[in-house]
């Protein structure tokens, strides 16, 4: 969150994803206010659904010991 490479909109989305993941979104009025400042209601719903689905997928794979990608076949990202 302290990265100078992230703008306020990106930081709001990251914070929202975090509070949704931690199941604290209901109680974090500031996080929701930041989302409303940068995103439409439709976008907030879409981002929240995306977070929920990603969390569901992560929990399911972790519980079943499923790797979405084999460690030897992971995508290597190049630094800029």
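Each residue in the stretch 38-64 was checked for being farther than 17 Å from residue 1 by Cα, over 14 Å from the mean Cα position of the chain (by Cα) and surrounded by 11 or more Cβ atoms within 10 Å (Cβ to Cβ), and 2 pass.
Out of curiosity, is residue 35 surrounded by 10 or more Cβ atoms within 10 Å (Cβ to Cβ) and in contact with a helix residue (DSSP H, G or I) (Cβ under 6 Å, 6 or more places away or on another chain)?
yes
Considering the conditions (1) surrounded by 15 or more Cβ atoms within 10 Å (Cβ to Cβ); (2) modelled with pLDDT under 95, residue 18 is excluded by exactly one of them, (2).
The values are calculated or read from the model by the stated rules, or taken from the named source; none is laboratory data. On a predicted model such as this, the values are computed, not experimentally measured, just so you know. Note: ideal-geometry Cβ built from the backbone for every residue, glycine included; neighbour counts use all protein chains shown.
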